[in-house]
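What follows is one structure encoded as structure tokens, with my remarks underneath.
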Amino acid sequence: MNASEAKKTIAALSEKINLHNDLYYQKSKPQISDFEFDQLLVELTRLEEQFPQFKLEDSPTQRVGGTVTKDFETVVHRYPMLSLGNTYSKEELQDFDKRVAKGLEGEPFEYFCELKFDGVSISLLYENGVMKRGVTRGDGVRGDDVTANVRTIRSIPLSVKEKNLPSMFEVRGEVFLPKKVFEQLNKDREDIGEETYANARNTASGTLKMQDSRQVAKRKLDCFLYYLLGEELSISTHEEAIHKLESLNFQISPTYKKCSTIQDVMAYIAHWEKRRTELPLETDGVVIKVNRLDQQARLGYTAKVPRWAISFKYKSESISTRLNGITYQVGRTGAITPVAELEPVLLAGTTVKRASLHNANEIARLDLRIGDHVFVEKGGEIIPKVTAVDLTKRSKNSKSVIYITRCPECATSLIRKEDQANHYCPNEKGCPPQIKGKIEHFIQRKAMNIDSLGEKTIEQLFDRGLVKTPADLYDLRREDILKLEGFKDLSTKNLLAGIEASTSTPFESVLFAIGIRFVGKTVAEKIARYFKNIDTISKASFEELRNAPEVGEKIAESIVAFFKDRDNLREIERLRKAGLQFESSEKEPEKVSDALGGKSFVVSGTFEHYERDEIKEVILANGGRVLSGVSAKLDYLVAGENMGPSKREKAEKLKVTIISEAEFQKMLKG
């Protein structure tokens with residue numbers, strides 16, 4: 001493909017991807033599968049790497065991230081992002097209504113109501129239709145430039161096209177983690193032995209400030225927009241601004257409503273107090289604004305807040321009940337979770353009997369005592385949590401809870417690392433919940449996908465001594481399974497067939513299934529494709545592992561420790577004999593040029609335009625070779641940010657040429 005053809009193809013692909021992105025995120029009418037969409041993106045990325053001079057400013061490849069930001073620049077807001085006055089009282093809302101009426105001297109007015117989302121405020125600056133900058137609220141006067149991370153949010157347009165748009169305008173909204181995404185994120189973290197996040201709002205905030213935009217892209221942040229600012233916008237009301245944003249394909253929550261009177265506002269508040277739990281994100285109130293912009297201007301501002309808007313906050317439903325006891329659950333990785341056993345109480349429409357207490361720190365913070373009357377809320381309207389103790393009802397003879405020191409399942413002494421809040425049971429090979437948890441992890445959909453097995457069946461197999469490790473599953477016989485409760489000929493046949501079928505599961509999934517701590521699904525895929533087979537991984541040094549994509553110190557240490565354990569090696573050999581796949585079938589990238597003509601490369605550090613495994617694929621696709629370590633035979637060391645000093649020192653000593661990412665890209669052009 002020559003330069004002229006590449007330019008046309010890049011433009012056409014960009015337009016096509018943007019169209020399908022709009023159909024999926026704005027109109028909820030996808031026309032192609034996720035796989036087909038991803039293939040279009042892969043093709044565009046490949047062409048942009050070959051012909052970077054034709055990459056468009058609003059290229060959809062920015063959605064996948066790639067920028068590493070060390071320090072976030074502080075930006076002064078063009079229009080201050082003021083906070084709103086809050087109220088929990090309907091009487092105060094009526095007082096607000098009276099103040100508005102007085103300020104407008106009897107002139108008719110109406111309100112515009114929107115739900116207040118529990119996320120992170122963001123300001124988006126567009127110049128000539130292209131999104132130039134995304135800035136956090138900060139202190140309201142200045143915030144942090146998080147543009148690279150904002151670009152990964154697929155519901156935010158990277159560009160807008162309309163003839164009569166002003167050359168510059170600003171859009172504001174709320175970045176959030178959808179409930180389902182947050183729940184899955186915590187499930188994935190729990191699955192690999194990481195501590196779970198406390199709430200979606202703080203997690204969204206932390207994600208928006210991550211240094212590597214590729215990691216941000218994986219978190220699947222979303223955004224609702226609710227405010228349009230700028231000169232010569234030809235709008236006279238907030239309602240018109242919202243409809244304008246909708247016409248420009250900005251994502252607006254359809255929950256807004258124009259209200260003629262404060263009574264209508266009250267009805268809107270009452271309506272969403274019940275229904276807000278059905279929404280895909282957390283909400284904590286309602287924002288009420290005077291609709292007409294000229295009336296907003298007349299009402300003006302106090303020193304801190306606008307006089308034409310107010311926020312009504314919903315009170316979290318809280319109820320007091322007795323703490324009857326505390327039980328302790330043991331997870332797959334040995335993490336101990338304390339659970340409050342409560343006197344059953346009706347809360348937000350459901351009967352609550354138990355609530356998470358998170359860890360020992362939380363118990364100490366609350367100074368909990370058995371027999372206390374505690375206040376319980378539904379965190380995020382979903383998970384019950386203990387928020388406080390009713391000290392007026394505390395018994396004088398009560399004693400503070402002493403956190404357990406031994407595992408409630410196997411009596412092993414618990415451990416707690418300095419940098420972690422959770423206690424752990426270290427008896428991973430003898431603690432029943434950990435053993436069963438590892439088998440449940442092994443058979444899950446993202447791992448071996450043995451859907452004919454379930455938690456209750458695993459429990460029966462374990463209790464009967466038939467399965468103690470995942471490899472035991474492949475030794476099961478028909479007569480073993482028929483002994484289990486609920487199993488007949490057909491269900492037994494299906495279970496054995498499911499286990500047999502799992503032997504064809506790709507190595508990438510097998511590596512995740514064997515349960516190396518901190519190695520999640522994505523990391524397992526990257527490592528499998530990088531090292532190609534289990535034997536190479538098992539023999540890899542700490543430094544070699546660190547050089548692999550997505551592998552940090554903690555993961556590298558965990559992998560080294562896993563393969564030092566003889567029991568783990570024996571388990572892998574048993575699985576290998578059972579027929580499981582321990583070699584990647586991932587094909588080498590298709591050759592696109594001979595620009596690197598047989599030259600050898602070692603890649604180290606992080607890069608602006610590539611992930612480490614991506615840059616290696618580019619090397620192979622352009623005729624080069626990728627080596628695992630620095631030696632006298634090496635031609636080039638491609639040095640990114642945070643490269644290990646030992647690699648550089650060795651390369652300098654051996655007089656190996658060290659090149660930057662920019663120099664590497666020049667080599668690709670010939």
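The values are calculated or read from the model by the stated rules, or taken from the named source; none is laboratory data. Note that the structure is predicted; figures quoted are calculated from it, not measured. Cβ: placed from backbone, ideal geometry, glycine included. Neighbour counts: every protein chain shown.
Observations on the structure shown:
- If you go through the range 81-131 and keep only what is assigned to a strand (DSSP E or B), hydroxyl-bearing (S, T, Y) and more than 18 Å from I262 (Cα to Cα), you end up with S121, S123, Y126.
- Within the range 159-187, being in contact (Cβ under 8 Å) with a residue 24 or more places away in the chain and among the basic types (K, R) holds for K161, R172, K179, K180.
- Screening K353, K289 for residues that are over 30 Å from G193 (Cα atoms) and not hydrophobic (A, V, I, L, M, F, W, C) leaves exactly one candidate, K289.
- Any chance Q39 is surrounded by fewer than 19 Cβ atoms within 10 Å (Cβ to Cβ), of a type outside the set (K, R), part of a helix (DSSP H, G or I) and modelled with pLDDT under 80: yes
- Enumeration of residues in the range 417-435 that are touching a His at 6+ places or on another chain (Cβ under 9 Å) and surrounded by 15 or more Cβ atoms within 10 Å (Cβ to Cβ): N422
- Restricting the first member to the range 651-662 and to residues that are surrounded by fewer than 17 Cβ atoms within 10 Å (Cβ to Cβ) and in a loop (DSSP other than H, G, I, E, B), and the second to residues that are hydrophobic (A, V, I, L, M, F, W, C) and at pLDDT 90 or above, the beta-carbon pairs closer than 9 Å and six or more apart or on different chains are S660/V638; S660/A639.
- Considering V618, V630, the condition of being touching a helix residue (DSSP H, G or I) at 6+ places or on another chain (Cβ under 7 Å), part of a helix (DSSP H, G or I) and buried (at least 19 other Cβ atoms within 10 Å of the Cβ) is satisfied by V618 alone.
- Condition check for L221 on (1) of a type in the set (A, V, I, L, M); (2) modelled with pLDDT under 90; (3) crowded, with 19+ Cβ neighbours inside 10 Å: one failure, at (2).
- In the range 285-378, counting only strands (runs of 3 or more DSSP E) that sit wholly within it, the ones holding 1 or more residues that are within 32 Å of the chain's Cα centre (by Cα) and under 30 Å from T412 (Cβ atoms) span 318-330, 336-347, 350-356.
Conditions (1) of a type in the set (A, V, I, L, M); (2) out of contact with any helix residue (DSSP H, G or I) (no Cβ under 6 Å at 6 or more places or on another chain); (3) in the same structural domain as A309 (by TED's automatic domain parsing), marked per residue:
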| residue | (1), (2), (3) |
| --- | --- |
| S83 | no, yes, yes |
| N86 | no, yes, yes |
| S89 | no, yes, yes |
| L93 | yes, yes, yes |
| F96 | no, yes, yes |
| V100 | yes, yes, yes |
| G103 | no, no, yes |
| F109 | no, no, yes |
| S121 | no, yes, yes |
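- K218 vs. criteria of a type in the set (K, R) and either touching a Ser or Thr at 6+ places or on another chain (Cβ under 6 Å) or in contact (Cβ under 8 Å) with a residue 12 or more places away in the chain (or both): yes
- Qualifying residue in the range 388-406 (condition: within 25 Å of A200 (Cα to Cα) and surrounded by fewer than 16 Cβ atoms within 10 Å (Cβ to Cβ)): yes
- Failed condition for Y610, given (1) of a type in the set (S, T, Y); (2) in contact with a Leu (Cβ under 9 Å, 6 or more places away or on another chain); (3) buried (at least 18 other Cβ atoms within 10 Å of the Cβ): (2)
- For the range 187-209, filtering for residues that are under 30 Å from L125 (Cα atoms), of a type outside the set (D, E, K, R) and surrounded by fewer than 18 Cβ atoms within 10 Å (Cβ to Cβ) leaves 4.
- Residues in the range 188-225 that are under 21 Å from G331 (Cβ atoms) and over 11 Å from the mean Cα position of the chain (by Cα): E190, D191, I192, G193, E194, E195, T196, A198, N199.
- Here A639 passes the criteria (1) touching a Gly at 6+ places or on another chain (Cβ under 9 Å); (2) in contact (Cβ under 8 Å) with a residue 40 or more places away in the chain except the one numbered (2).
- Inter-residue pairs, beta-carbon under 7 Å, first on the phi > 0 side of the Ramachandran plot and not assigned by TED's automatic domain parsing to the domain that holds I514 and in the range 188-207, second crowded, with 18+ Cβ neighbours inside 10 Å and aromatic (F, W, Y), 6+ apart: G193/F518
- Residue match in the range 167-180 (condition: out of contact with any Asp or Glu (no Cβ under 6 Å at 6 or more places or on another chain), closer than 20 Å to D22 by Cα and outside any strand (DSSP E or B)): yes
- If the condition is being over 22 Å from R517 (Cβ atoms), in contact with a helix residue (DSSP H, G or I) (Cβ under 7 Å, 6 or more places away or on another chain) and assigned to a helix (DSSP H, G or I), then the range 436-473 contributes only E459.
- Considering (1) surrounded by fewer than 19 Cβ atoms within 10 Å (Cβ to Cβ); (2) closer than 30 Å to K180 by Cβ; (3) touching a residue at least 40 places away in the same chain (Cβ under 8 Å), the lone condition that R369 does not fulfil carries the number (2).
- When residues in the range 572-582 are screened for being buried (at least 17 other Cβ atoms within 10 Å of the Cβ) and assigned to a helix (DSSP H, G or I), 2 of them pass.
- When residues of the range 79-130 are limited to those that are more than 24 Å from L221 (Cα to Cα) and of a type in the set (V, I, T), the one surrounded by the most Cβ atoms within 10 Å (Cβ to Cβ): V100
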